[in-house]
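The values are calculated or read from the model by the stated rules, or taken from the named source; none is laboratory data. Just so you know, these numbers come straight off a predicted model, no measurement behind them. Methodologically, a virtual Cβ is constructed for each residue, glycine included, from the backbone with ideal geometry; neighbour enumeration extends over all protein chains shown.
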Amino acid sequence: MGRDGGAAASAEARLSALRCAAAALVTSALAATACARPALPEAAAARDVPTKSGATLRIETFVAGLEVPWSMAFTSAERLLVTERPGRVRVVLRGILDPKPIYVVPDVEAKGESGLMGLALAPDYATSRMVYLAYAYDAPRGTAVRIVRLHDDGDAFSQRKVLIEGIPAAQYHAGCRLRFGPDGKLYATTGDATDREIAQDLKSFGGKTLRLNPDGSVPDDNPFPGSPVFSYGHRNSQGLDWDPRSGLQVQTEHGPSGFDGPGGGDEVNIVEAGKNYGWPVVHHRASHEGMVSPLLEYTPAVAPSGASFCRGDLLPHFKGDFFFATLIGERLIRVRFDPANPRQVLETEELVHGVYGRLRDVVSGPDGALYVATSNRDGRGRPRPGDDRILRIVETPGVR
Ligand SMILES: [Ca+2]
């Protein structure tokens, strides 16, 4: 508690400094007396980024002062929920971060190295107010992941129900991204928990995509009767979304780290019911009968994380493109699928390389912008003043 409280307090101090600096830009005369006017951190200034399409992206800091934001979900055009890996769920209302978490996971694993991860809203959230969280906890035989459902009361979460637990986890390779599909089912990506053989074991929940009904029960039409397993042979997928045009599910997945296979081999896959994505039998570009080879493969590693198709009207030239965040790669990667053949990649582009550090999640906001979370306070990054932050990305109007 002390560690988290201290971190939150220092984050608030940084946020306050950032606000002061931002205000100084707008009203410099007034701010000269009101603030000490610290230099505006470079990463906090709005930045125009040219793209090879000819359109320009404008990127600005939407909110600062977070600690390892892992997953984001808008409950309305004005309200954003964000998980922080140490175990907090935060609220951003009209661009202002509430200093008090709406929910603190009481049983998140003590070290917080996997911690609180996935967040999803029920498809009927507007009436049910149900939210879903995935987090690591200390199970009798080591770290495991559980998925819980909670009611969003507006100022707290209540009615906690455990939907599934005992999902293998470890300090790393613990998944666990949550998303509802267009079929109204909850999908969860799980890691191999550094025990690579479990990815091919259909009895294990590790190294899989799981598919559940909103109440946690197993859907009747899952590919393996009575099992939540939807796809297998995954090492550690941490991003998924569905192409709004074709309905195909696309995932990002981490390749080997050296100890469990040659480094690199990060993947983008089209994921379908009952299919085997190869790990650990095949990786990188290798193929094997009965196993799916990746659509895109990255060596050296970029460590791909959260991903979303761009649905936003504020990025008209990129609507329908697949964007994913990368950690080690410190860049946002854009993938354009061929509208005539949605299994074919037309082009890819790497954006903001090194500018904002490690990037953890991407969502398409209800206002039509893209939102991207940094992950520079996760122990592997170099935090900039104001980190971690959520960036807001729109296309610059009229600039071509
Ligand atoms: Ca694979």
Practice task
Give TYR187, TYR132 a once-over and let me know the one that is modelled with pLDDT of 95 or more, touching a Lys or Arg at 6+ places or on another chain (Cβ under 8 Å) and farther than 30 Å from GLY264 by Cβ.
Solution key: TYR132
Practice task
Tell me the strands (runs of 3 or more DSSP E) entirely within region 41-123 that contain at least 1 residues that are charged (D, E, K, R).
Solution key: 47-50, 56-63, 79-84, 88-93
Exercise for the section: Determine whether VAL250 is crowded, with 18+ Cβ neighbours inside 10 Å, modelled with pLDDT of 95 or more and either within 11 Å of the ligand (Cβ to nearest atom) or farther than 30 Å from PRO339 by Cβ (or both). Expected result: no
Practice task
Could you tell me whether any residue of region 181-201 is of a type in the set (Val, Ile, Thr) and part of a loop (DSSP other than H, G, I, E, B)?
Solution key: yes
Practice task
Count, please, the residues in region 257-283 that happen to be within 10 Å of the ligand (Cβ to nearest atom) and assigned to a loop (DSSP other than H, G, I, E, B).
Solution key: 8
Practice task
Provide a single number: the residues in region 81-114 that are at pLDDT below 95 and crowded, with 19+ Cβ neighbours inside 10 Å.
Solution key: 3
Exercise for the section: Consider TYR298 carefully, then state whether it is touching a strand residue (DSSP E or B) at 6+ places or on another chain (Cβ under 7 Å), within 13 Å of the ligand (Cβ to nearest atom), under 26 Å from PRO182 (Cα atoms) and among the aromatic types (Phe, Trp, Tyr). Expected result: no
Problem - The one condition in (1) in contact (Cβ under 8 Å) with a residue 40 or more places away in the chain; (2) aliphatic (A, V, I, L, M); (3) surrounded by fewer than 17 Cβ atoms within 10 Å (Cβ to Cβ) that VAL268 fails to fulfil - result: (3)
Handout entry: Filter pass, ARG384 being in contact with a helix residue (DSSP H, G or I) (Cβ under 6 Å, 6 or more places away or on another chain), assigned by TED's automatic domain parsing to the domain that holds GLU272 and charged (D, E, K, R)
Key = yes
Completion exercise
Scanning region 250-281 for residues that are closer than 16 Å to ARG177 by Cα and among the acidic types (Asp, Glu) gives GLU253, GLU267
Practice task
Restrict the check to region 180-196 and report whether at least one residue is free of Cβ contacts under 8 Å to residues at least 12 places away in the same chain and assigned by TED's automatic domain parsing to the domain that holds MET117.
Solution key: yes
